[in-house]
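The values are calculated or read from the model by the stated rules, or taken from the named source; none is laboratory data. Quick caveat: nothing in here was measured; it's all calculated off a predicted structure. Using ideal geometry, Cβ is built from the backbone for each residue, glycine included, and neighbour counts are taken over all protein chains shown. Each accessible area value is taken on the protein alone, full model and side chains, heavy atoms only, with ligands, DNA and RNA left out. Shrake-Rupley method; radii C 1.70, N 1.55, O 1.52, S 1.80 Å.
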Amino acid sequence: MQTETQPKQSTVKVVRAAIVGTVVEYYDFGIYGYMATIIASLFFVSENDTAALLGTFATFAVAFFLRVPGGIFFGHIGDKYGRKNALSWTILLMVVATAAMGMMPTYVTLGVWATAILVLARCLQGFAAGGELGGANAFVSESAPAKWRAFQTSMVNSGTYLGSLVASLTALALTSVFTHDQIMSWAWRIPFLLSVVIGVVGIWIRNHMEDTPQFKELEDKGETAKVPVKELLTSSGPALVKIIFLGALITGGYYIASVYAATYLQKAGGQSSTVAFLSTSLALVLGVITLPIAGYLADRYGRKPVLFTGTVAAVVLGVPMFMLMAGGSIWQAVVGQSVLFIAVSVVNGASYVTYVEMLKASVRYSGLALGNNITNMALGGTAPFIATWLIDITGNNLAPAFYFVFCALLTLGAIFFVKETKGIELRVD
């Protein structure tokens with residue numbers, strides 16, 4: 001049975017509530033990555049700079065392994081007790097974890113225990129993030145009109161870029177306003193504590209939202225899944241596999257083109273931290289603009305043409321753009337990173353609406369959360385670590401480009417196994 005229910009609350013409010021949470025999530029994840037070289041000095045003391053940086057990125061990756069159990073946990077809450085309930089808890093836990101990072105002692109004060117506490121805080125971040133993005137997309141898609149569904153879900157994902165943009169601008173401001181000694185002494189804490197401000201606003205907005213019409217329908221009929229993840233695996237296994245592979249570029253490619261690129265521009269391109277953060281900020285601005293355009297095009301022409309265009313661009317342009325980024329000039333850095341990020345953004349604009357339309361309502365939150373987080377665990381969170389490691393073992397500064405292209409090829413292959421879903425009504429059962 002298929003049905004299309006009408007939203008009972010303003011879709012503008014729904015999209016706003018979803019965006020705020022994704023801004024918090026990606027600000028929190030992004031600020032850690034953008035400040036990797038500083039964190040390496042404060043928490044991973046080593047005579048080898050590369051080893052310290054690898055330790056920092058390994059901790060960055062650890063959080064992504066916790067996203068899978070987090071996705072299962074919050075997917076269960078979201079599918080059984082409501083999308084709103086799950087999303088309220090994800091943002092609260094994320095804020096607590098990030099604020100804790102801003103208050104913890106460093107290696108000099110507490111030794112290896114400081115590193116351990118940092119890892120635990122990252123784990124809590126990862127667990128909370130596991131239920132955020134997939135749930136936010138389920139929340140919006142179930143309230144959006146069918147003809148604008150891709151556009152409105154793309155707006156949710158623009159929140160991820162806005163969060164990363166705010167993180168990048170914050171890191172830029174930090175390095176511009178404070179001296180190196182001030183940053184290493186106390187100013188490094190400021191970006192982490194700023195999460196509290198954004199988070200409190202997000203919590204207030206989400207607490208004033210109603211749940212989605214489709215979930216209310218399921219709840220009224222007593223048709224919510226008893227064990228959502230079990231029902232997902234038994235009834236929607238093929239859809240879950242497609243989601244995992246379709247997400248390769250918008251997870252692995254995203255973290256290479258944004259979080260890792262800031263480090264790459266400094267290490268391989270010889271750019272200052274200011275130039276690296278400016279380039280990343282511009283790329284994110286272009287991504288924020290590209291996402292809703294891609295969503296609009298997916299609503300008008302179909303999901304698959306948009307997915308295919310962005311992915312082919314990533315495959316073809318991956319290596320040349322990394323060559324530009326390593327070229328040494330500012331314009332090469334900006335153009336190379338921006339082109340890579342725009343390609344990822346085009347794919348992202350049509351991805352989540354495709355996921356949503358492949359899943360029925362009773363397992364939609366769980367399917368989005370689990371599929372997205374498995375890909376994030378395998379390809380996204382490990383991307384900065386793998387890129388740094390590849391350069392270290394090969395001595396080739398272009399090694400990360402091949403990882404980027406690999407992610408794009410995984411997505412390209414998956415596109416051929418996906419049916420066009422433009423214009424369909426969302427499945428209830």
Karplus-derived 3J(HN,Hα), 6.51/-1.76/1.60, for each residue of segment 344-359, Hz, glycine and proline x:
4, 5, 4, 5, 4, x, 10, 6, 5, 5, 5, 4, 4, 6, 8, 10
How much length, in nm to one decimal, is gained on full extension between Arg189 and Thr109, taken as 0.36 nm per residue of separation minus their Cα-Cα distance?
27.3 nm
Distance between modelled label sites at Trp331 and Thr37, nm, 7 Å Cα→Cβ extension:
2.5
Take the alpha-carbon centre of segment 15-31, take the same for segment 102-153, and report the distance between them in whole Å.
8
Loop sites in segment 212-283: GluC sites (Glu not before Pro), DSSP, at most 16 other Cβ within 10 Å
Glu223
Could I get the Rg over Rh figure for segment 261-349? Both from C-alpha atoms, Rh via Kirkwood, rounded to two places.
1.04
Between segment 292-331 and segment 51-99, the alpha-carbon center distance in angstrom:
28
What residue among Thr11, Thr280, Thr160 shows peak mean-square fluctuation when the chain is described by a Gaussian network model with Cα springs under 10 Å?
Thr11
Quick one: P(r) of segment 338-411 from all Cα-Cα pairs, 10 Å bins, percents rounded to integers, in order of increasing distance.
16, 41, 29, 12, 3
Cα-Cα pairs in the chain separated by more than 31 Å, as a whole percent of all pairs, come to 34
Helix 83-103 sits off the longest principal axis of the Cα atoms of the chain, rounded to the nearest 10 on a 0 to 90 degree scale, by 10
³J(HN,Hα) across segment 31-43 via Karplus (A = 6.51, B = -1.76, C = 1.60, θ = phi - 60°), whole Hz, x for Gly/Pro?
5, 5, x, 5, 9, 4, 5, 6, 4, 4, 6, 8, 10
In a Gaussian network model of the chain with springs linking alpha carbons closer than 10 Å, the residue among Val312, Val201, Val68 that fluctuates most is Val201
In the chain, with Lys and Arg counted as +1 and Asp and Glu as -1 at Cβ, which of these residues, Ala138, Ser158, Ser185, has the Cα nearest the positive end of the dipole, that is, farthest along it?
Ala138
Each residue of segment 192-206 in turn: what ³J(HN,Hα) in whole Hz from Karplus with 6.51, -1.76, 1.60 and θ = phi - 60°, glycine and Pro shown as x?
6, 6, 5, 4, 4, 4, 5, x, 4, 4, x, 4, 5, 5, 5
Those aspartates and glutamates that a straight Cα-Cα span of less than 20 Å connects to Lys304, excepting residues fewer than 8 apart in one chain:
Glu357, Glu420, Glu425
At q = 0.24, 0.26 Å⁻¹, what base-10 log of I(q)/I(0) does the Debye formula yield for segment 204-272 when every alpha carbon is treated as an equal point scatterer in vacuo?
-1.00, -1.03
Burial-style ranking of 86-98, 134-146, 319-331, average other-beta-carbon count within 10 Å with highest first, yields 134-146, 86-98, 319-331
Under 22 Å between alpha carbons, and skipping anything fewer than 8 positions from Lys226 in its own chain: which lysines qualify?
Lys80, Lys84, Lys216, Lys360
Which percent of the accessible heavy-atom area of the chain goes to carbon and sulfur, probe 1.4 angstrom?
69
So, by mean Cβ neighbours within 10 angstrom, what's the order for 20-29, 287-296, 268-277, 174-183 with the highest one leading?
20-29, 287-296, 268-277, 174-183
